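> Just passing along the structure, written as structure tokens.
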Amino acid sequence: MDYDIIIVGAGPAGASTALHLAQTAPELAPRTLILEKAHHPRPKLCGGGMLQDGEFILQRLGMDVSEVPHVEVKEAHFRFEGRGFFIARQPVSFRVFSRDLLDSWLAETARQRGVQLLEDTRVLKVVPADGGMAVETNKGTCTARAVVGADGALSVVRRAVAGTRSGHTARLLEFYVPPEHTSAEQQDRGIFDYKVIGQGIQGYVWDFPMLSGGRLARNRGIFDLRMYHTPQQDLRPILSQAMAQDGLKMEAYTLHSHPIRWFDPADSFAAPHILLVGDAAGVDPSYGEGISFALGYGELAAHELKAAFAHNEFSFDGYKEHILKSRMGVVLKRRRRLAAMLYGIRSSNIQRLIWWRLNFLLKWYVETFLIDWAK
Ligand SMILES: Cc1cc2nc3c(=O)[nH]c(=O)nc-3n(C[C@H](O)[C@H](O)[C@H](O)COP(=O)(O)OP(=O)(O)OC[C@H]3O[C@@H](n4cnc5c(N)ncnc54)[C@H](O)[C@@H]3O)c2cc1C
């Protein structure tokens, strides 16, 4: 075998797997290779909001995320037709990063800690080889005892596990409002507006602050989970209408789209010699939060890999159970149930009852049961 471990993808999930390997199984790090199709710093479509759970994980790796330029969001507002609740945590509710900077910092730190990173190398296929897997790339084939699929929502590695590329994917549209169109007001607020549920969307529109060339800008977009097979709405006019209410002409901006693969406990997360992490495995269905969970999967995968090499046993039979029983897995299951409940209610009257009258209960549930899983 050319390597002990090949990690496909150098986003948060792949970098986290490598960083945790370097920490918990340093003997494996020099024999681990990350293959990345792009070149850091590479663009990644994302709101860039990372909750404190991501920070907790990075702190345990001895990394200080404040090294990376970001905007601090003091208050996260959740609302339906103007009313709901907000969460204000100390010192911040969440931080918003440009993903190119965050991801290159993560990948570079993994490289500094002894893991090899080969960029501009696209993985085409992963197939069984004697005692491991062969990873076919646009530059040739290499082999490893174990492969980690950290290649995002459209994972190629996932095909070798589940026979399918995606499934369970949410649709997202996003655009940036440049600094010159951004007012200085409410720059420390992030807004999740669920009014679009009334228009058949299983999700919300967001409005986050962000940094663009060191200046404050806004990141706007729409998340549609697609958990229920209702008629598929065209997201553009719905987002455009929501933006018009804020005085923005969406036609003036460039729209981008990318899916998120969401967590389902019934899914497959591993196969002999293969583990899936991050979007390739499935992240939060309720808000589409993926960065902290990608980091969390990396920690679980590194422990799984360490045990596999210690026992020379690569079935990864127990990985799914370890995910489901972990604090992260428990929270993912709760978030899935919340998403199923919230996005399953089509009646605007019942949504109003939840957001206007029972908002204190929702706030309590979110603060008590859905965050701080990585503390
Ligand atoms: C529009 C949008 C907004 C979002 N906003 C937020 C947010 O505000 N907060 C939040 O927490 N989450 C957000 N998410 C989700 C978050 O972006 C993902 O969950 C997260 O990036 C998952 O990390 P990952 O490492 O699993 O995958 P990715 O970040 O997608 O990284 C995968 C890596 O693999 C590489 N790769 C892919 N295919 C191959 C291949 N065949 N060969 C080699 N390399 C490959 C890619 O280039 C990439 O570097 C958003 C997602 C979208 C689409």
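Every number here is computed from the coordinates shown, using simple stated rules; none is lab data. Remember, it's a predicted structure, so these values are computed and weren't measured experimentally. Counting neighbours? That spans all protein chains shown, and the Cβs are built from the backbone with ideal geometry, glycine included.
> Output the residue which, of all residues in the range 17-51 that are more than 16 Å from residue 151 (Cα to Cα), out of contact with any helix residue (DSSP H, G or I) (no Cβ under 8 Å at 6 or more places or on another chain) and not in a loop (DSSP other than H, G, I, E, B), is nearest to the ligand (Cβ to nearest atom).
Among them, the one singled out is 31.
> Would you please name the residue that is nearest to the ligand (Cβ to nearest atom), looking only at residues in the range 164-189 that are polar (S, T, N, Q) and part of a loop (DSSP other than H, G, I, E, B)?
166
> Among the helices (runs of 4 or more DSSP H) confined wholly to the range 278-375, which include 1 or more residues that are under 21 Å from residue 226 (Cα atoms) and of a type outside the set (Gly, Ala, Ser)?
291-311, 327-342, 348-352
> Somewhere in the range 249-256, is a residue buried (at least 21 other Cβ atoms within 10 Å of the Cβ) and either out of contact with any Cys (no Cβ under 8 Å at 6 or more places or on another chain) or within 18 Å of residue 174 (Cα to Cα) (or both)?
Within the range 249-256 (the criterion being buried (at least 21 other Cβ atoms within 10 Å of the Cβ) and either out of contact with any Cys (no Cβ under 8 Å at 6 or more places or on another chain) or within 18 Å of residue 174 (Cα to Cα) (or both)), the answer is no, since none of the residues qualifies.
> What is the number of the single condition among (1) out of contact with any helix residue (DSSP H, G or I) (no Cβ under 7 Å at 6 or more places or on another chain); (2) under 30 Å from residue 65 (Cβ atoms); (3) more than 9 Å from the ligand (Cβ to nearest atom) that residue 256 does not meet?
(3)
> Something else now. Being within 14 Å of residue 13 (Cα to Cα) and in a strand (DSSP E or B) is the filter; apply it to the range 141-163 and report the residue that is nearest to the chain's Cα centre (by Cα).
Among those that are within 14 Å of residue 13 (Cα to Cα) and in a strand (DSSP E or B), it is 149.
> Sticking with this one: From the list 279, 267, exactly one residue is within 12 Å of the ligand (Cβ to nearest atom), under 24 Å from residue 168 (Cβ atoms), buried (at least 16 other Cβ atoms within 10 Å of the Cβ) and among the charged types (D, E, K, R). Which is it?
Just one listed residue meets the conditions, 279.
> Go through the residues of the range 82-103 one by one and say whether even a single one is more than 27 Å from residue 197 (Cα to Cα), basic (Lys, Arg) and within 16 Å of the chain's Cα centre (by Cα).
Scanning the range 82-103 turns up at least one residue that is more than 27 Å from residue 197 (Cα to Cα), basic (Lys, Arg) and within 16 Å of the chain's Cα centre (by Cα).
> Considering only the range 30-48, I want to know if a residue exists there that is among the polar types (S, T, N, Q) and buried (at least 24 other Cβ atoms within 10 Å of the Cβ).
Yes, the range 30-48 contains at least one residue that is among the polar types (S, T, N, Q) and buried (at least 24 other Cβ atoms within 10 Å of the Cβ).
> Going through the range 177-197 one residue at a time, which ones are among the hydroxyl-bearing types (Ser, Thr, Tyr) and either surrounded by fewer than 18 Cβ atoms within 10 Å (Cβ to Cβ) or more than 21 Å from residue 50 (Cα to Cα) (or both)?
Correct list: 182, 183.
> Condition (residue is of a type in the set (S, T, N, Q) and touching a residue at least 24 places away in the same chain (Cβ under 8 Å)) applied to the range 286-304: is it met by at least one residue?
yes
> Is there any pair linking a residue in the range 239-256 that is in contact (Cβ under 8 Å) with a residue 24 or more places away in the chain to one that is part of a loop (DSSP other than H, G, I, E, B) and within 15 Å of the ligand (Cβ to nearest atom), with Cβ under 6 Å and at least six apart or on different chains, and which?
Short answer, once both residue conditions are applied: 256/45.
> Looking at the range 141-159, can you tell me whether even one residue there is within 13 Å of the ligand (Cβ to nearest atom), out of contact with any Cys (no Cβ under 7 Å at 6 or more places or on another chain) and over 30 Å from residue 203 (Cβ atoms)?
yes
> Would you pick out the residues in the range 131-140 that are more than 18 Å from residue 313 (Cβ to Cβ) and either away from the ligand (no atom under 14 Å from the Cβ) or surrounded by 15 or more Cβ atoms within 10 Å (Cβ to Cβ) (or both)?
134, 135, 136, 137 - these are the residues of the range 131-140 that are more than 18 Å from residue 313 (Cβ to Cβ) and either away from the ligand (no atom under 14 Å from the Cβ) or surrounded by 15 or more Cβ atoms within 10 Å (Cβ to Cβ) (or both).
> Sticking with this structure for a sec: Any idea which of (1) touching a residue at least 40 places away in the same chain (Cβ under 8 Å); (2) under 26 Å from residue 58 (Cβ atoms) is the one residue 363 doesn't satisfy?
Result: residue 363 fails condition (2) only.
> Suppose we filter 236, 218, 226 for residues that are in contact (Cβ under 8 Å) with a residue 12 or more places away in the chain, part of a strand (DSSP E or B) and within 15 Å of the ligand (Cβ to nearest atom); which single one remains?
218
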